[in-house]
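Peer 1: First the structure, which I've put down as structure tokens, then a few questions once you've had a look.
Derivation of every value follows stated rules applied to the coordinates shown; laboratory data play no part. For clarity, every value in this text was computed on a predicted model and none was experimentally measured. Cβ sites come from the backbone with ideal geometry, for glycine too, and all protein chains shown count toward neighbours.
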Amino acid sequence: MDLELSAKVFVVTGASSGIGEATARLLAQEGAFVVAVARDPKPVDGVHDNIAAFAADVTDPGAARRVADAALERYGRYDGAAHRGSNGG
């Protein structure tokens, strides 16, 4: 299936497991560039050339700005976001 995501840039939170990880991997497989955000991004770090792992806790008030800045610095833009953060519980 071609979702026409090639070269689009997405930020995905909660990317270290579950739905967040699956979303990051699917987007990358479809050709999108992904900033994969998690408190511990090791599970997605290096699994696909299009995934850039970024450590951040989305409950931190400054995290959103740091994540957005990281996406802009690396790719120059972002086209979408998928938030699937958890409270760790």
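Peer 1: Would you list the P(r) distribution for the chain, with all Cα-Cα distances sorted into 5 Å bins from 0 and each bin expressed as a whole %?
Peer 2: Per 5 Å bin, starting at zero, the Cα-Cα P(r) for the chain comes out as 3, 17, 29, 27, 16, 6, 2, 0 percent.
Peer 1: Please tell me the relative contact order of the chain in percent, rounded to the nearest whole number, where contacts are Cα pairs under 8 Å and at least six residues apart. Provide the component values of the computation, followed by the final result.
Peer 2: Values: 176 pairs, mean separation 29.9, N = 89.
Relative contact order here is 34 percent.
Peer 1: A follow-up question, please. Run through segment 1-77 and list the trypsin sites (Lys or Arg not before Pro) located in a DSSP loop whose Cβ has at most 14 other Cβ atoms within 10 Å.
Peer 2: Numbers: sites: LYS8, ARG25, ARG39, ARG65, ARG66, ARG74, ARG77; in loops: LYS8, ARG39, ARG77.
When the trypsin sites (Lys or Arg not before Pro) of segment 1-77 are filtered for loop state and at most 14 Cβ neighbours within 10 Å, ARG77 remain.
Peer 1: I need the GluC sites (Glu not before Pro) found in segment 4-89, filtered to DSSP loop residues with at most 12 other beta carbons within 10 Å of theirs.
Peer 2: Details: sites: GLU4, GLU21, GLU30, GLU73; in loops: GLU4, GLU30.
Those satisfying the criteria are GLU4.
Peer 1: Assuming 0.36 nm per residue, please report the length gained on full extension of the stretch ALA64 to HIS48 beyond their Cα-Cα distance. Write out the running numbers ahead of the final one.
Peer 2: On the way: separation 16, 0.36 × 16 = 5.76 nm, distance 2.34 nm.
Length gained, ALA64 through HIS48: 3.4 nm.
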